[in-house]
Amino acid sequence: MKRMQPMRGNVLLRPEAAKERTTEAGLIIPETTQQNTFLGEVLSVGAPRLLDDGKEVALDVAVGETVVYRDNAAIAVEVGNEQLVLLDARAIVGVLVDDGP
């Protein structure tokens, strides 16, 4: 089986499917009417980004984290039978952090 290894400064994600949401008042908001929020689980991280001066900059994400990213920077790829997203790590705008109970 083939696998995708991102190049320098890039990240491979499994996009999270949009889910139907319910408001506190009990209203159901179907996924088709929601504003696009792009979440994905980091599956693989490329080597550190290489700057013009030759210095390396480590990426701020790790495998297993859930991130929020800009969709306009995403490249859809199919690996095996799975739809994944490849993007420049600079398109990641946040990491979801579990604060615990």
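Every read-out reported here was derived from the displayed coordinates using simple, explicitly stated rules and does not represent laboratory data. None of the values given here were measured: they were computed from a predicted structure. Cβ atoms come from the backbone with ideal geometry, glycine included; neighbour counts cover every protein chain shown.
For labels at residue 79 and residue 14 in the simple 7 Å Cα→Cβ model, what's the distance in nm?
Inter-label distance under the simple model: 1.1 nm.
Order the peptides 50-57, 79-86 from the highest to the lowest mean number of other Cβ atoms within 10 Å of their residues.
79-86, 50-57
Using 0.36 nm per residue of separation minus the Cα-Cα distance, give me the extension gain between residue 96 and residue 62 in nm, one decimal.
11.1 nm
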